[in-house]
Amino acid sequence: MLVDGKPYRTIWLNEDGRSVNIIDQTRFPHVFSIVTLRSMKAAAVAIRTMQVRGAPLIGATAAYGVALQMAEDPSDGGLDHACRTLMATRPTAVNLRWAIDEMRTLLKDLPRDKRSARAYARAAEICDEDVAICAAIGRNGLEIVRGIAARKGPGATVNILTHCNAGWLATVDWGTATAPIYMAHDAGIPVHVWVDETRPRNQGAALTAWELGRHGVPHTVIPDNSGGHLMQHGQVDMVIVGTDRTTASGDVCNKIGTYLKALAARDNDVPFYVALPSPTIDFTIDDGVREIPIEERAGEEVSKICGLTRDGRIETVSIVADGSPVANHAFDVTPARLITALITERGVVAADKDALSEMFPERAVGAVLPSHEKEAGAA
Ligand SMILES: CSC[C@@H](O)[C@@H](O)C(=O)COP(=O)(O)O
């Protein structure tokens, strides 16, 4: 998307054909800076420290991480080491595992002298695929926004609430939850976004608001607790969030606080949508609450806050009494029953095991028969 009129992706290969550039997300919204990754280890650090974050971008960075390792050491040991190191960076986003498995499967049977070139080519493809997938999610979600706009009448603004950052900064371009928003805005549909600040890392305030602002999309940052109140007062027409992992039965794991938004949406008859690329679906598990490992991050993310001082310095200050214990669960799970529908690259689908297997039959484990075949079988 555009930054000061210049198009950017969140990750790209340098002209040297080897090192990889990323946008350092730890310095947003105050500083826009680009960091060069020159080794697999640097890619792993970038994922762990959240210089890059968001499930699809984590997957793309891991793919380039494997490529960086292949440029340095294309041996079987090098490949194993890269896959293990990158896999250990963050536990929740399933795209990480998906990208690493993809790279390992592709490279393990290749002769060593072919591995580096093939790894870079596949990492670039993974990035391009993510852009195409997010654009398709945008087109599919746009129809939902268009429908709401039509029901509200000419000139009425569609108010959309989002949580965390599932924007282009969380992907390679377009974003997941934001893709329908950008496309609606570009199509001239009046949209306004309620941006949850998303404590403790403030991805909403620091990232979503920044990128919506750069693209000219009207938005308002709100404390995380405001959503229920706004919904009670008819100020939210729909919720769209992203996801870090979605189970075969449609349970959605996303940034902590998403579940509470879904509960408030259900109580107020506000449609609650989740936008996701299919690599985010983990067809090996069903029960999100029991089976998805939830990352617990450092307590300091809760007890301290970082911001810009009046004299332009970025500073971190404490906000919790000394000695008070803190807990920092980074994600929660929204059960499928609270989700209106999932917006995927192939279309809008119910958060339901049969519907998901039918839409992605090649990925489903023990795939169920398409419904027309089931009916034929039952007859
Ligand atoms: C498109 S990824 C899903 C997002 O909504 C969100 O959970 C996310 O950005 C990931 O969290 P983060 O911990 O910032 O890496």
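The values are calculated or read from the model by the stated rules, or taken from the named source; none is laboratory data. In this text, all values refer to a predicted model and were calculated from it rather than measured experimentally. When we count neighbours, we look across all protein chains shown, and the Cβ atoms used for this are built from the backbone with ideal geometry, even at glycine. Ligands, DNA and RNA are excluded from the accessible area calculation, which covers all protein heavy atoms including side chains. Shrake-Rupley method; radii C 1.70, N 1.55, O 1.52, S 1.80 Å.
Would you tally the net charge around residue 226, using a Cβ to Cβ cut-off of less than 10 Å, leaving residue 226 out, and scoring K and R as +1, D and E as -1?
Details: positive: none; negative: 196, 197, 224.
Residues near residue 226 contribute -3 overall.
Could you provide, to the nearest whole Å², the per residue accessible area of the chain with probe 1.4 Å?
Details: 15920 Å² over 379 residues.
Per residue, the chain has 42 Å² of solvent-accessible surface.
To the nearest 0.05, what FRET efficiency results for residue 32 and residue 73 with a Förster distance of 25 Å applied to their C-beta separation? Please report the intermediate quantities before stating the final value.
Working: r = 33 Å, r/R0 = 1.33.
It comes out at approximately 0.15.
What are the residues whose amide H is under 5 Å from the amide H of residue 221, where those residues sit 5 or more places off or on another chain and H is modelled from the backbone?
So residue 221 has HN proximity to 195.
Under the rule of -39500 (n - 2.57) per DSSP H run of 4 or more residues, summed and divided by the residues of the chain, what mean residue ellipticity at 222 nm is obtained, to the nearest 500 deg cm²/dmol?
Working: 13 runs with 150 residues, N = 379.
Mean residue ellipticity at 222 nm (helix-derived): -12000 deg cm²/dmol.
Rounded to the nearest 10 Å², what accessible area does residue 259 have for a 1.4 Å probe in the complete protein model?
80 Å²
So which residue, out of 83, 306, 127, gets the largest mean-square fluctuation from a GNM of the chain using Cα contacts under 10 Å as springs?
Between 83, 306, 127, it is 306 that shows the largest mean-square fluctuation.
What are the ³J(HN,Hα) couplings of the stretch 330-335, residue after residue, when phi is run through the Karplus curve with 6.51, -1.76, 1.60 and θ = phi - 60°? Round to Hz, x for glycine and proline.
With coefficients 6.51, -1.76 and 1.60, one gets 7, 9, 9, 10, 9, x Hz.
Which whole-Hz ³J(HN,Hα) couplings does the stretch 302-315 yield from phi under the Karplus relation 6.51 cos²θ - 1.76 cosθ + 1.60, θ = phi - 60°, glycine and proline marked x?
8, 7, 10, 9, 10, x, 9, 7, 4, 8, x, 9, 8, 10
Whose amide H sits under 5 Å from the amide H of residue 176, counting only residues 5 or more places off or on another chain, with H placed in the peptide plane?
Long-range HN contacts for residue 176: 167.
Expected output is a single nm value to one decimal: the length gained when fully extending between residue 186 and residue 315, i.e. 0.36 nm times separation in residues minus the C-alpha distance. What is it?
Values: separation 129, 0.36 × 129 = 46.44 nm, distance 3.65 nm.
Once the chain is fully extended between residue 186 and residue 315, it gains 42.8 nm.
Show me the three semi-axes of the equivalent ellipsoid for the chain, from the C-alpha gyration tensor (sqrt of 5 times each eigenvalue), largest first, rounded to whole Å. Numbers along the way, then the final one.
Numbers: eigenvalues 192, 153, 83 Å².
Rounded to whole Å, the semi-axes are 31, 28, 20.
Which helices, counted as full DSSP H runs in the chain, have an axial Cα extent of no less than 15 Å and a Kyte-Doolittle average of 0.0 or above? Working shown, then result.
Numbers: long enough: 55-72 (26 Å, 0.98); 76-87 (16 Å, -0.20); 94-108 (21 Å, -0.08); 112-152 (60 Å, -0.23).
In the chain, the long hydrophobic H runs are 55-72.
Please report the projected area of the stretch 2-129's Cα convex hull averaged over all directions, in nm².
Numbers: hull surface 29.7 nm².
Computing the convex hull of the Cα atoms and averaging its projections yields 7.4 nm².
Taking the chain as a Gaussian network, where each spring joins two C-alpha atoms under 10 Å apart, which residue of 192, 229, 219 fluctuates the most?
Result: 229 has the largest fluctuation of those listed.
Carbon and sulfur: what percent of the stretch 2-129's accessible surface (1.4 Å probe)?
Values: 2760 of 5430 Å².
Reported share for carbon and sulfur atoms: 51 percent.
What residues have an amide H closer than 5 Å to that of residue 304, excluding those fewer than 5 places away on the same chain, when H is modeled at 1.01 Å from N in the peptide plane?
Counting only residues 5 or more places away or on other chains, the set is 319.
Tell me, what is the 1.4 Å probe accessible area of residue 233, in Å² to the nearest 10?
Probe radius 1.4 Å; accessible area of residue 233 about 110 Å².
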